[in-house]
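Structure first, then comments.
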Amino acid sequence: MLVIEVTNARDVVRQRIGRLGGRLIGKVVDAEAQVEKVLIQELETAFRDFGIEARIFSIDGPQMIGRSHLEIPVQVREERQVRLS
């Protein structure tokens with residue numbers, strides 16, 4: 001399994017859309033989602049050319065911590081504490 005973390009998504013989008021558009025990053029444009037979309041398209045083309053079958057996922061939330069840990073945030077819908085005193 002491969003895990004690819006794009007670490008300069010904002011810079012890539014800023015390069016592509018210019019300085020004015022760069023100000024919209026985070027407000028209107030989700031830089032990570034845009035870069036991941038293009039990256040997935042390129043991976044799909046390369047995989048087809050090599051005859052590779054794969055499932056490619058773009059997931060919001062997980063982050064690499066150093067070289068040995070993957071942090072996966074969990075969204076808690078409800079929380080309760082039970083105390084006996």
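Comparing Arg48, Arg14, Arg67 in a Gaussian network model of the chain (Cα springs below 10 Å), the most mobile by mean-square fluctuation is Arg67. When shorter helices are ignored and each DSSP H run of at least 4 residues is given -39500 (n - 2.57), the per-residue value for the chain at 222 nm works out to -13500 deg cm²/dmol. The largest accessible area among Val82, Val35, Val76 belongs to the first residue in Val82, Val76, Val35, and the rest follow in falling order (1.4 Å probe, all chains). For the chain, modelled as a GNM whose springs connect Cα atoms under 10 angstrom apart, the maximal fluctuation among Glu71, Glu36, Glu44 occurs at Glu71. Val12 sits with roughly 40 Å² accessible to a 1.4 Å probe, with DNA, RNA and ligands left out of the calculation. To the nearest 10, the accessible area of Asp30 is 90 Å² with a 1.4 Å probe.
Computed on protein heavy atoms with a 1.4 Å probe, the accessible areas place Thr45, Thr7 in the order Thr7, Thr45, largest first. Relative to the longest principal axis of the Cα atoms of the chain, the long axis of helix 31-50 makes an angle of roughly 60 degrees. Shape class for the chain: oblate, because the ratio a/c of the largest to smallest gyration tensor axis (alpha-carbon atoms, square roots of eigenvalues) is 1.5 or more and b/c is at least a/b.
If you line up the long axis of helix 9-22 against the longest principal axis of the chain, both from Cα atoms, how many degrees apart are they, to the nearest 10? Taking the Cα atoms of the chain, the angle to 9-22 is about 70 degrees. Counting only Cβ charges, +1 for Lys and Arg and -1 for Asp and Glu, the dipole size of the chain around its Cα centre is about 440 debye.
The values are calculated or read from the model by the stated rules, or taken from the named source; none is laboratory data. Given the structure is predicted, the values throughout are model-derived calculations rather than measurements. Here the Cβ is made from the backbone with ideal geometry for all residues, glycine too, and neighbour counts use every protein chain on show. Keep in mind that these areas ignore ligands, DNA and RNA; they rest on the heavy atoms of the full protein, side chains included. Shrake-Rupley method; radii C 1.70, N 1.55, O 1.52, S 1.80 Å.
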